[in-house]
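The structure appears right after this line, and notes come after that.
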Amino acid sequence: MSKIVVLGGGESGVGAALLAKHKGFDVFLSDQGQLKPEYQQSLLDAQIPFEQGTHSMNNILDAQEIIISPGIPEKSPIVQEIKQKNISLVSEIEFASRYTPAKIIAITGSNGKTTTTLLTYHLLKEAGLQVGLAGNIGHSFAKQVMENQHDYYVLEISSFQLDRCFHFTPDVAVLLNITPDHLDRYEYQFENYIQSKFRIFQNAKPQTTCIFWSDDPVWQSHANSMPHQAQVKTISFDNEQADMLIRPDEIKGSSHFQLTLDEAPLKGPHNAINMSAAILAAEAVGISAESIHQALHTFENAPHRLEPCGSWKGIQFINDSKATNVDAVFYALNSFKQPIILLIGGVDKGNEYEVLDDLVKEKVKGIICLGTDNQKLVKHFGPICSSLFSTDNLQAAVEKSLEWGQAGDIVLLSPACASFDLFKNYEDRGNQFKAMVKTLTDGK
């Protein structure tokens with residue numbers, strides 16, 4: 001019996017272990033941290049041995065294949081040892097995709113993955129298809145494959161997951177955009193990150209639908225990396241021949257699909273790209289224009305993505321805590337015509353803020369830097385924004401926005417940074433922001 005080791009006991013790792021056991025492998029799971037009680041119970045119920053708080057290298061290195069959590073970096077010592085032993089090292093996505101005949105829509109990109117994935121899933125589900133949601137979102141892909149209840153899967157795929165995909169072949173592959181992100185995982189080489197994202201297309205067949213935003217300058221400089229034999233579908237603001245043309249007031253498809261942006265469930269140019277990609281993906285699996293239109297009207301996006309979270313005396317508060325890189329903030333600023341008070345900051349990931357300068361000069365009346373170390377932000381934006389406030393206290397940040405704000409203004413939490421200096425994660429940051437807005441505005 002072949003042995004499979006799973007590294008990482010989170011949602012994807014435990015799901016992969018359950019599927020491997022179901023397929024008859026000898027399975028062992030190892031996690032350097034502590035497993036949640038519910039995951040421990042799932043492993044115990046399936047009689048899968050596991051360890052937590054350590055990695056027993058002898059037990060790990062005698063595996064024929066290792067399924068690795070996307071959270072474990074390539075440069076970690078354990079990965080280096082596995083590579084030296086030439087043991088097959090794959091992601092949950094790669095492993096689980098071997099065992100399902102379902103059609104797969106896989107979506108990647110630096111920004112907009114979750115929104116596009118959720119919308120695509122919603123369009124398929126509302127059309128009556130048996131569809132699962134997985135990858136970076138939802139429940140474990142592997143566990144759902146084991147339960148075998150779906151004819152379609154919509155998967156949000158990160159670059160880390162793609163790094164360990166070799167034969168994974170989605171039926172519909174979507175690349176939304178590529179902007180610098182997670183460069184600490186890619187030796188601070190943008191090109192390495194670009195190549196990781198393009199892996200979504202690496203096994204495309206003639207019948208594969210490949211969807212991408214053709215205006216993306218990174219895509220344009222790497223167009224020769226695209227599979228020429230696939231069914232290519234493009235999204236553009238400029239190219240009249242694109243399969244989805246985004247105009248100032250509508251999205252128009254070559255299939256004669258039309259959506260007026262005023263009635264669209266998502267706002268902003270970046271979300272026009274996201275919606276276009278989801279619509280093209282739905283069309284690729286046979287969903288009708290009528291069904292897509294009906295489903296669009298009932299879609300609600302995930303929290304922390306340009307999420308309205310209250311108003312006070314005409315000042316509107318927007319929680320965009322998921323904006324953890326500079327380009328996400330660029331998209332957010334472009335989504336509003338009103339004057340903006342911008343809350344930015346956290347753990348800088350090697351950001352270059354120059355791309356925001358023109359928008360800040362045009363739209364931002366004040367910047368509030370929220371983090372334990374705001375020196376880089378203050379140095380960069382101080383000369384171009386007359387009102388700038390630095391703090392490591394969320395309450396002080398929101399109070400300052402109330403002091404500066406006037407009726408018609410937008411207070412936008414769009415940090416451009418990770419959250420780990422002051423918060424557990426971006427969700428915690430967004431939830432605390434929403435709660436603070438409610439507390440302070442209710443009390444005034």
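The values are calculated or read from the model by the stated rules, or taken from the named source; none is laboratory data. None of the values given here were measured: they were computed from a predicted structure. Ideal geometry is used to build each Cβ from the backbone, glycine not excepted, and the neighbour counts take in all protein chains shown. Keep in mind that these areas ignore ligands, DNA and RNA; they rest on the heavy atoms of the full protein, side chains included. Shrake-Rupley method; radii C 1.70, N 1.55, O 1.52, S 1.80 Å.
For the reader, a short list of remarks on this structure follows.
- Taking Cβ atoms as reference points and 14 Å as the exclusive limit, the residues near M226 contribute a net charge of +3, counting Lys and Arg as +1 and Asp and Glu as -1.
- For T260 and Q32, the difference between the fully extended length at 0.36 nm per residue and the C-alpha to C-alpha distance is 77.1 nm.
- Charged neighbours of Y426, selected by a Cβ distance under 14 Å, balance to +1 (K, R count +1; D, E count -1).
- Remark: the N425-D62 segment gains 127.2 nm on full extension, using 0.36 nm per residue and subtracting the alpha carbon distance.
- Pairs exceeding a 28 Å alpha-carbon distance, out of K23/K424; K113/K379; K36/K322; K233/K363: K23/K424; K113/K379; K233/K363.
- In this simple spin-label approximation, Q220 and S291 carry label points 7 Å from Cα along the Cα→Cβ vector, and these lie 3.6 nm apart.
- Calculated on the alpha-carbon coordinates, the convex hull of region 1-119 measures out at 132 cubic angstrom per residue.
- Dipole-positive endmost among M275, F257, N224 within region 221-294 (Cβ charges, Cα centre): N224
- Averaged per residue, the chain has 43 square angstrom of accessible surface, using a 1.4 angstrom probe with ligands and nucleic acids left out.
- FRET efficiency for the pair Q231 and F166, taken as 1/(1 + (r/R0)^6) with r the Cβ-Cβ distance and R0 = 30 Å, rounds to 0.85.
- Rounded to 5, percent antiparallel among DSSP beta bridges of the chain: 15
- Choice from I82, I318, I368 with maximal GNM fluctuation in the chain (Cα, 10 Å cutoff): I82
- Reachable aspartates and glutamates from K83, criterion Cα separation under 16 angstrom, eight or more residues apart if same chain: D62, E65, E74, D163
- Here the calculated FRET efficiency for L183 and T372, from their Cβ-Cβ distance with R0 = 22 Å, stands at 0.55, rounded to the nearest 0.05.
- Using just its DSSP H runs of length 4 or more, each adding -39500 (n - 2.57), the chain gives a mean residue ellipticity at 222 nm of -9500 deg cm²/dmol after division by all residues.
- Two-site FRET efficiency, D151 against K3, from Cβ-Cβ distance with R₀ of 30 Å, rounded to 0.05: 0.40
- Springs join every pair of Cα atoms under 10 Å in this Gaussian network model of the chain, and among I315, I66, I93 the largest mean-square fluctuation is at I315.
- Tail weight of P(r) past 14 Å, computed on alpha-carbon pairs of region 1-62, percent: 48
- Share of alpha-carbon pairs per 10 Å distance bin for region 203-299, given as whole %: 15, 49, 29, 7
- Length gained when the stretch D249-K379 is fully extended (0.36 nm per residue, less Cα-Cα span): 43.0 nm
- Kirkwood Rh, Cα atoms: Rg over Rh of region 105-146: 0.97
- Once the mean of 1/r is taken over each pair of separate Cα atoms and inverted, region 95-208 shows a Kirkwood hydrodynamic radius of 14.4 Å.
- Percent of beta bridges antiparallel (DSSP, region 167-252, rounded to nearest 5): 15
- Placing one equal scatterer on every Cα of region 288-444 and applying the Debye formula, the log10 ratio I(q)/I(0) at q = 0.20 Å⁻¹ is -1.26.
- Distance between region 186-241 and region 49-79 - C-alpha centres, whole angstrom: 32
- Three principal axis extents of region 166-226 based on alpha-carbon atoms, in descending order, are 35, 27, 17 Å.
- Normalised convex hull volume, the chain, alpha-carbon set, Å³ per residue: 154
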